[in-house]
Every structure is written in C-alpha cells, then in structure tokens.
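Let me begin by presenting the structure, written as structure tokens, before commenting on it.
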C-alpha cells in the first residue's frame, strides 16, 4: 500500500475513534458469557447487523454439542450458539492464497456477575474504557470490523480473499468450535486473531498450552449428628486431593496447577457424599504436558488407594497445545514488524501464559499472529480496561497486514 493511502486510511480511522468507542460500549453492555445462550444469541443478532455494511452474506454455522461434567458430578451434553462466518472473495483474488480473521464473542462474565456495564474514565489525560470484554475480546471485534471497513474504502476489494469467523466458546476452551478449526485449517495460509495485545502494546509470540481437569470425588452421606462417623466426607477428601495437586506448583519451571473451583455439599447437617474439583493446568511444551498428565493421575491413584471408602473419577485434560514459533510464523512476525515500522508502531514480542484459538489453529497447521486486538489489561476481572486510542491504531495496523498478505508473493510452501 502506498504511504499516502496508508496515511489517509489511518486518518480516516482515527476520525472514527469515538464511534468505535460507542460501538464497543453497546457490544460490551450485552452479556454473552459462554453459558448464557440467550445472551450469545442476542450478540449474534447484534454482530449480524454490525458487519452488514461489508455487504457480505453471513453464514450461521451450527456447532456440535459437547460433553461436560456438572457441579453435581453428572455427565451432560451442552450446546452453544453459532459460529458466524463471512467470506470475502474478490473476482481477481488469488485462489490458493486465503487469509483467516477470527476472534470470539463470548466472555467470562456470567449473567449474574455484577460487572455488566462499561464506564469511561481517564488516566493522566488518556481516555480509557472499563467494561466486560472491552479487550477480551469484543474490543478485538471492533478493531477487526473497522479494519475491514477501511479495506473496502482504501484497498482493492476485488483482489481480497479472506474469511471472517466469530466463535461463541473460546473462553471455555472452544469445545464446540475446535472441530470447525480442524475442518477448515487446510484452506488458509495465515490467520490473524484479535486477542488483545499486552498492556504496553507488546505482541504475543508464544503461548502456553492449557487444559482443565475435573475430579469427581464421592464419599458416603450421613446425618451429621446421629450418624456422623458413618459418613465419608467428600469435601474433606477433595480438599486433601486439591492440596496435593497444588503442591505440584514450582516443581517444574513454568508448569502451573490452579485449583480454580470446588463445589460440594448441600445442607450443613449432612455429611457430603460428593464434591467436584476443577483444576486448570498450563504447560510450556509437550514434555510438560506428558509430565503434568502423569502427575495428576498419580495424585488420583494415591488417594484412591489410601482411602477405599472414597472414589475419584478423573475427566478432562490438556485441550490446547503450546503455541511456539516455527519458520512460517517467524516469517509473518517479520512482515508485521515491516508494516508496523511504516506506521510508526514499533513491535515488541513477549511470551504469554494465556492460551487462545491461535494455539489450536497452529496445532492444525495454520501459522498465525493472535494479538491484533486493542491495548489494555486486567482481562478476566472487574477492572478490565482498554486504551480507547488503540482501537483506530490497531485497526490501521490490521489493515496494513491485510494488504501485506494480499500483495506478498513469497511461496510459503518453501519455508
């Protein structure tokens, strides 16, 4: 893209900064936690209208149900809403070079969470917005949409060949949409994901692998007064198991075990006979994965043998492999640095303990960069915030990369 055109695009995007902020507020004020099907459906409708100015037909892709273990130890099938897809195939596009742009529209904030509304404020004269999903990842949706609007205006639409996909289940590990990624991965040479950059604007190059284990601990119910000693307390036993799992932290560098939730019991005058423990695990590489899986199983086996009146059923595992930098990914890192330099946006790279759908796409063979979203911090908390000025600047950078992909002619197969 010529420098004068890029500068015109950036100026145009900055002029729409307030509109971007207002659109982000409207989107974030709609609850779409991963398990709020009604809220997700409402956001689906919002997004269909929001992307309609692109003039592309929308596909609402049904996603399969997936198995879960509920807080009562029961196996259940859970459903989600649709993956939303738009295909932009210009009549002069190169058929075998296709770009994927994607991010999720679910959040971690449940419909009863008190953190439901956006608030504008300033820090040392810098405009910020605090709200549920402002960077993770509804801010990324706004950045993506405005980059595409700019592509219609400043690029040659007939030469573009790309797909946009928005998914509803990334915050719970993409149990429904993983099959979609596996199916379509061979169609794309590069993917751009709109997770947020780090607070200082750094891009993420590597990510840990992650997974969740569910341990269903069962004991024996009894009246806590009349027959207390006949009961076998599942909560107490589960707590011992959780402490043993927590002790695995700091044993192997970078591998973490977070005992994130324990649910059990009902009436306090009953010895509880069931407790569910959920543990999130983060690993650096495949050797770590094997080690973590072995250690979790050893803890379960130990407590099965030591207390025959209790039982433990283990479910789950590592669902996102670690994301590393291979040769194709490194190529796109250098391309990003090149276009960012033209825009005066120097790029720095850091590792992250968080996972994204970039892990899954990389595992399916799609090189990707996954932090094209806006700048901010405190995601997954009621302090989540976004730097408002980063919305147009990241849209400009995204536009430059879309252009770079469609004009770059190096054969990726040779890398």
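Computed from the coordinates by the stated procedures, all read-outs in this text should not be read as laboratory data. All values derive from a computational prediction rather than experimental measurement. Methodologically, a virtual Cβ is constructed for each residue, glycine included, from the backbone with ideal geometry; neighbour enumeration extends over all protein chains shown.
The Kirkwood hydrodynamic radius of the chain, based on inverse pair distances between different Cα atoms, is 22.8 Å.
May I ask for the angle, rounded to the nearest 10°, between helix 234-246 and the longest principal axis of the chain, with both axes built from Cα atoms and the value confined to 0 to 90°? Taking Cα atoms only, the helix is inclined about 50 degrees. Beyond 23 Å, what share of the Cα-Cα pairs of the stretch 206-355 is found? Please give it as a whole percent. So the pairs more than 23 Å apart make up 50 percent of the total in the stretch 206-355.
Once Rg and the Kirkwood radius are both taken over the C-alpha atoms of the stretch 174-264, their ratio Rg/Rh works out to 1.18. Counting only alpha carbon atoms, the long axis of helix 17-28 and the longest principal axis of the chain meet at about 30°.
Only helical runs count toward this figure. For the chain, summing -39,500 (n - 2.57) over DSSP H runs of n ≥ 4 and dividing by all residues gives -10500 deg cm²/dmol at 222 nm. Fewest neighbouring Cβ atoms within 10 Å first, the residues 278, 97, 117, 387 line up as 117, 97, 278, 387. Here the contact order of the stretch 209-320, divided by its residue count and restricted to Cα pairs under 8 Å and six or more residues apart, works out to 42 percent. Separation of the stretch 252-292 from the stretch 175-239 is 9 Å, based on Cα centroids.
Mind checking the angle between helix 286-306 and the chain's longest principal axis? C-alpha axes, 0 to 90 degrees, to the nearest 10. With rounding to tens, the tilt is 20 degrees.
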